[in-house]
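To start, the structure itself, in C-alpha cells.
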Amino acid sequence: MQNGFFSVPIPINEPVLDYKKNSPERKEVLETYTALYNSNIDVPLYIGGKKITTKKLARMSPPHDHKHTLGRFSIAESSHVTEAIDAALAASPNWENTSFEHRAAVMLKAADLTAGPYRAKINASTMLAQSKNIFQAEIDAACEFADFLRFNVAFASDIYAQQPKQGSGVINRVEYRPLEGFVYAVTPFNFTAIAGNLCAAPVLMGNVVVWKPSDHQMFSAKIIMDIFEEAGIPPGVINLISGDPVMISDIVLDHPQFAGLHFTGSTEVFKHLWQQIGNKLTRYKNYPRIVGETGGKDFIFVHHTADIPTVITAITRGGYEFQGQKCSAASRIYLPASISDEIIAGVVENIKSFSIGSPEDMNNFITAVIHENAFDRLVGYIEQAKKEDEVEVLAGGTFDKSKGYFIHPTLLKTTNPHYTTMETELFGPVVTVYVYEDKAWESTLALVNTTSDYGLTGAIIAQDRHFIEHASGKLRHAAGNFYINDKPSGAVVGQQPFGGSRASGTNDKAGSAQNLLRWVSPRLIKETLVPATDFRYPCMD
Ligand code: NAD
C-alpha cells in the first residue's frame, strides 16, 4: 500500500570499462574466468525457488575449447515443466499485488549487482559459455543487462503515469494489470542481456515467468538466476526449465493460462511457435500476447559520396564482431564501383590483422562460433562459395574445429545480388559484397529493399544529404533499426530501441516502453460520485 507518488531514478547507461593492461577490472575478470573454467558447475532447474538437479544432464563446454567440461545442466522431464507452470501460477497473486516500488527495487538491485559484485562473473561466464571476447561480454552481459533493468523501471513508471482525463462527477483511472496467467520466455544463445531481459521485462510489470534458455547459454543463465535470487525476486516468479525445447513448449503452450510468449531466436522457430499457439487458441483463457524478435539479413549500402574509412570500419566491426553472431550483424554489402576496390582492400587488410583464439587472450578480436552445427553449416556455405563462378573469396575461407569452432572471418564478392549468401541469414563471420555501377544506385536501393525476407537492421553510408533523405524513404520498411553513417549493430538500451519487422519479428522494441506495454492488460476504473437515479433523459418531460 503506497502513501505517496514515488519517483524512480533517472537511468543512465552503464559505463563500459576498458579492461586495459594492468587495470583492476582486467585482473578480476581473468581470475574469475579461470575459477569458472575449473568450477565444474551443475546448473539445476529452478522451480518455485527450489533448485532441482535432474537425473539426465547435458555437458557444457566453451566453444573455443570444446573438449573441456565446464559443468552440466539439468534436462527437464515433462513433470518438471508442469511443476514450473504451477509454481509460477502459485507465485502470481502475491507478485501482482506487490507494489511497483518494491518490484522496481528488486530490478534496480539486480542492476546494481550485475554492474557491481557480479560484473566479473557475468562477463567471464559469457566469455566461457558464448565465447565472447571481453569487450563483447562487457557491452552485453554487464552493461546491456544492467541498462535493461534500469531503463525498464523508468519506462514502467512513465506507463503508469499515463492516465485518462477526469470528467464531471466521475473519477477515471487506468490500472496497468499484469497478464492473467504466466509468460513463457524463450531465449537465444547470443546475448546474455536478452536472456535476462526476456524474463525481467514481464516480471517488472507484475507477471510470472517460465523461462527456457538456449542450451548454449546455460552457463551464463545460471549467473542471471543467481543475480535475480540475490536481488530478492520471490520464489516461483521466474522458473528456469532447460532441456528439449519441443517437449517443453508443447506442455507450456497447452496450458489454458498461457498468457504470452516473449521470444528471441530464429525466424523458423518463432513461426512454428506462433502456429502452435494459433492451433491451440480455443483452449486459452485470454488471447496470448506474442512478442518475437528473430533473424536478420542486415545490409550496408554505400553511396559513391561515402567516406571510405567510415565504410571500412563499419564493415569490419558490423560484419565480424562476435564472429557475426549478432542478429544485427552486417552480412550483405552494396558497394559503388568507383570506390569498391579501395574499400575491399581496407577490409581485407583489417581481416588479415585479426587475432583469433580464446577470449582469455585479450588481444583476440575473433573467437569461436557457438557450436559444431553452426561451424559445419558455415563451412558448407564457404566451401560452396569456393566452387561458384559468380563468387570470389577475398579473405578468410579457412576453418579448424580441432580445439574450438574457429572460422577465419571470410569476405566474399559476388556478381549475383541474389546469391544465397546475399539472402540467407548465415549467423557467422561471413560477409558478402556486391558491386554496383555508381549511376545504378536507385535500382540498387530497390534491390536492397526486396532481396531478403527480413527487415531488422541496415545502414547507408554517404555524404550527400539529398541521397541520405531519399534512401531513408526508399528503405523505410527494410529495417526496424536504420543507421546513417554507422554500422547496423550495437544498439544501446534507451538510445536505440531494438527490433525489426517483416520476417524479423513483431518489432516490439526491446528496451523501450512499447515492449513493456505488451505485458500489461489495462483495466479502466470509473467511479461515479453521485450516481443517476432516474433512467429518463432531460429531453423527456
Ligand atoms: P534458435 O531459434 O535456435 O533458439 C532460440 C530458442 O528457441 C532457444 O532457447 C532454443 O532452445 C529454442 N528452440 C529451438 N527450437 C525450438 C522449437 N522447435 N520449439 C521451441 N523452442 C525452440 O536461435 P539461436 O541460435 O539461439 O539464436 C540465433 C537466432 O536468434 C538468429 O536467427 C538471430 O538473428 C536471432 N536473434 C534475434 C535477435 C533480435 O533482436 N531480432 C536478437 C538475438 C538473436
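Once you've got the Cα coordinates, tell me which of 222/297; 222/509; 165/285; 132/222; 326/487; 212/509 are over 19 Å apart. Mind showing how you got there, number by number?
On the way: 222/297 31 Å; 222/509 26 Å; 165/285 31 Å; 132/222 17 Å; 326/487 12 Å; 212/509 21 Å.
Result: 222/297; 222/509; 165/285; 212/509 exceed 19 Å.
Of the solvent-accessible surface of the chain, computed with a 1.4 Å probe and all protein chains present, 52% belongs to carbon and sulfur.
In the chain, helical runs assigned H by DSSP with n ≥ 4 each contribute -39500 (n - 2.57); averaged across all residues and rounded to the nearest 500, the mean residue ellipticity at 222 nm is -12000 deg cm²/dmol. Just to confirm the filter: which GluC sites (Glu not before Pro) across the range 131-217 are DSSP coil and have at most 16 other Cβ within 10 angstrom of their Cβ? Qualifying residues, ordered by number: 180.
For the range 298-484, a simple Cβ point-charge model (Lys and Arg +1, Asp and Glu -1, everything else neutral) yields a dipole of about 260 debye relative to the Cα centre. In this simple spin-label model, placing a label point 7 Å from the Cα along the Cα-to-Cβ direction at both residue 440 and residue 21 gives a separation of 4.9 nm. When Rg and Dmax are taken over the Cα atoms of the chain, they come to 24.8, 93 Å.
Only four residue types carry charge here, +1 at the Cβ of Lys and Arg and -1 at the Cβ of Asp and Glu. Report the dipole size of the chain about the Cα centre in Debye, rounded to the nearest 20. Dipole of the chain, to the nearest 20 debye: 980 debye.
How much length is gained on full extension from residue 383 to residue 464, taking 0.36 nm per residue of separation minus their Cα-Cα distance?
This chain segment gains 25.3 nm when fully extended.
Other residues within the sphere of radius under 13 Å centred on the Cβ of residue 147, judged by their own Cβ, net out at -4 (K and R +1, D and E -1).
Taking 0.36 nm per intervening residue step and subtracting the Cα-Cα distance, what contour gain separates residue 2 from residue 450 on full extension? Don't skip to the answer; put the middle values down first.
Values: separation 448, 0.36 × 448 = 161.28 nm, distance 5.31 nm.
Additional length available on full extension: 156.0 nm.
Among DSSP beta bridges lying fully in the chain, give the percent that are antiparallel, nearest 5. Each step should come with its number before you reach the end.
Numbers: 27 of 70 bridges.
Counting DSSP beta bridges with both partners in the chain, the antiparallel share is about 40 percent.
Placing unit charges on the Cβ atoms of the charged side chains and taking the dipole of the range 420-506 about its Cα centre, the candidate lying farthest along the positive direction among 491, 472, 429 is 491.
With Cβ to Cβ distances under 15 Å as the rule, what net charge do the other residues near residue 217 carry (K, R +1; D, E -1)?
In short, +3.
Remind me, relative contact order of the range 298-484 in percent, using alpha carbon pairs under 8 angstrom and six or more residues apart? All intermediate terms of the calculation are to be shown ahead of the outcome.
Numbers: 348 pairs, mean separation 52.9, N = 187.
Relative CO of the range 298-484 lands at 28 percent.
In a DSSP loop and with at most 12 other Cβ atoms within 10 Å, the trypsin sites (Lys or Arg not before Pro) in the range 36-101 are 55, 56, 67.
Starting from the Cα gyration tensor of the range 195-350, multiply each eigenvalue by 5, take the square root, and state the resulting semi-axes largest first in whole Å. Don't skip to the end; give the middle numbers.
Working: eigenvalues 334, 76, 33 Å².
Rounded to whole Å, the semi-axes are 41, 19, 13.
Suppose R0 equals 30 Å. What FRET efficiency, 1/(1 + (r/R0)^6) with r the Cβ-Cβ distance, do residue 523 and residue 272 give to the nearest 0.05? Could you put the intermediate results ahead of the total?
Values: r = 33 Å, r/R0 = 1.10.
Using R0 = 30 Å, I get an efficiency of 0.35.
If R0 is 41 Å, what FRET efficiency do you get for residue 173 and residue 86 from their C-beta distance, rounded to 0.05? Can you show the working numbers first?
Values: r = 33 Å, r/R0 = 0.81.
Calculated value: 0.80.
Can you give me the C-alpha center-to-center distance between the range 351-408 and the range 485-541, rounded to a whole angstrom? Each part's Cα centre sits 44 Å from the other's.
Relative protection proxy for 306-313, 330-337, 263-270, from highest mean packing down: 330-337, 263-270, 306-313 (other beta-carbon atoms within 10 angstrom). For residue 161 and residue 286, the FRET efficiency from 1/(1 + (r/R0)^6), where r spans their Cβ atoms and R0 equals 22 Å, is about 0.30. With K and R counted +1 and D and E -1, the other residues having a Cβ less than 12 Å from that of residue 171 yield a net charge of +2. Placing dummy labels 7 Å off each Cα toward the beta-carbon, the span from residue 535 to residue 485 is 7.0 nm. Averaging the Cα positions of each part gives two centres, and for the range 1-28 and the range 145-193 these lie 22 Å apart.
The values are calculated or read from the model by the stated rules, or taken from the named source; none is laboratory data. Please read all numbers here as calculations on a predicted model, not as lab measurements. Using ideal geometry, Cβ is built from the backbone for each residue, glycine included, and neighbour counts are taken over all protein chains shown. Just so you know, the surface numbers come from the protein's heavy atoms only, side chains and all, with ligands and any DNA or RNA stripped out. Shrake-Rupley method; radii C 1.70, N 1.55, O 1.52, S 1.80 Å.
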